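Enquirer: For reference, the structure I am asking about is given below.
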Amino acid sequence: MPNMTGIISTNYSSDCCGALTHDRGIGAMPFGGRYRLIDFPLSNMVNSGIIDLGLIAPMNFRALLDHVGIGKEWALSRKTGGLYILPGSPFGLKNLKGRFLIKDITKNKDVLERLPNDYIALCATSKVFNIDYRDILEFHLNHNADITLVYKDELLRLGPKDYSIIADESQRVISISNSSRDKSNCFLDTLIINKVTLEKIVYEYRSHEHMDLIELISKNLSVFNVFSYNFKGYTSSFNSIKGYLNANQDLLDYKINEEIFSKARPIITKTHDNPPAKYTSVSTVKNSIISTGCIIKGTVDNSIIFRGVIIMEGSVVKNSVVLQNSIIGENANLNYVVMDKQTKINDNERIEGTSENPIIIDKDHKYRKDRGYNVKSNKGRP
């Protein structure tokens, strides 16, 4: 696909995962045992043949750039084209809902002008799916569209920063709203737009840089040919720590895992030279994902364990996500817990959340969750 530029936006406010996103942008969020959220849009674009690709970095960019580097794993380290790391603007307090801020596009318009492509694919990093942009472009061209928005027509719980799309029988968009909760037709933060159309919008609204591109599209549905593309594949959309836990656990379903990590369109990530996971004779693992470098001496059930995690003898980890290089001591018990990386659970500790209110354990070993509080310890620790 030599006629399309890809733009991935990671420069937007996201507090959906509480302490997990305090020090890292949403694109750097770990997911699925060995991946980060940025891996999915990057891989989708590369698998679709897009080799001119811009990554709009957030202000807290260290974790993201440490993972992406110069794009070598995605074959984007090139003399011509490849990966461009684009500076993002401070989003401030004027627009906390925007995924594609006009000021981010304006700040980097010289890069877009320099790339000789007629179409631009824009994507954010808050949703997980495996998609082929060639199918979207074919739909875009067949409908003579100026803009094509990708949506999911099945029921997804919309958060306050999500948009809902209403289209007519011809798939032409007639309404875009971010006030509809718990309804279908969720915009997947993915679109294709003609380069000349984007340049026109940026020029006309250059004095309103705090606005989001989707807001401006919704105000000009009568001016542009805006169509909607219905994506039929699996999608996870999370706007809370409960949603994050559920999205990770979805990967334990074989059919979903096979679709997301398709052999035809593989999800690529930064490689780490770790040894295989080690299981002792007293360990038990059921319906879980265990990454490389782990040492499992206890019981793991219905959980996702990232690389380098040590679970000591007698401990039980159920319905949880444990990020890399964490340690769980002997005879500990975790249920519905999300642990940040490099955290430690002491011997005999018991930490229990619920399916509705999982507990976050951040790097300072502070317990948090959306509502309520339920932490017990065999040592009498509160």
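Enquirer: May I ask you to list the residues in the range 117-147 that are surrounded by 21 or more Cβ atoms within 10 Å (Cβ to Cβ), modelled with pLDDT under 95 and either outside the structural domain of Tyr163 (by TED's automatic domain parsing) or of a type in the set (D, E, K, R) (or both)?
Expert: Within the range 117-147, just Lys127 meets the criteria.
Enquirer: Turning to a different aspect of this structure: Any idea which of (1) in contact with a Lys or Arg (Cβ under 9 Å, 6 or more places away or on another chain); (2) in contact (Cβ under 8 Å) with a residue 40 or more places away in the chain is the one Val282 doesn't satisfy?
Expert: (2)
Enquirer: Let me ask another. Condition check: among the β-branched types (Val, Ile, Thr), in contact (Cβ under 8 Å) with a residue 24 or more places away in the chain and part of a strand (DSSP E or B). Does Ile214 satisfy that?
Expert: no
Enquirer: Is it the case that some residue within the range 31-44 is in contact (Cβ under 8 Å) with a residue 60 or more places away in the chain, part of a strand (DSSP E or B), of a type in the set (D, E, K, R) and within 22 Å of Ile105 (Cβ to Cβ)?
Expert: Within the range 31-44, not a single residue is in contact (Cβ under 8 Å) with a residue 60 or more places away in the chain, part of a strand (DSSP E or B), of a type in the set (D, E, K, R) and within 22 Å of Ile105 (Cβ to Cβ).
Enquirer: If you check every pair at least six apart or on different chains, which have Cβ atoms under 7 Å apart with a residue in the range 253-270 that is without any contact (Cβ under 8 Å) to a residue 60 or more places away in the chain first and a residue that is surrounded by 13 or more Cβ atoms within 10 Å (Cβ to Cβ) and among the acidic types (Asp, Glu) second?
Expert: Once the first residue is without any contact (Cβ under 8 Å) to a residue 60 or more places away in the chain and sits in the range 253-270, its partners that are surrounded by 13 or more Cβ atoms within 10 Å (Cβ to Cβ) and among the acidic types (Asp, Glu) give Ile256/Asp250.
Enquirer: Tell me whether the range 25-44 contains one or more residues that are under 16 Å from Gly88 (Cα atoms), among the small types (Gly, Ala, Ser), modelled with pLDDT under 85 and in contact with a Leu (Cβ under 6 Å, 6 or more places away or on another chain).
Expert: yes
The values are calculated or read from the model by the stated rules, or taken from the named source; none is laboratory data. Here the structure is a predicted model, which means the values were calculated and not measured. Here the Cβ is made from the backbone with ideal geometry for all residues, glycine too, and neighbour counts use every protein chain on show.
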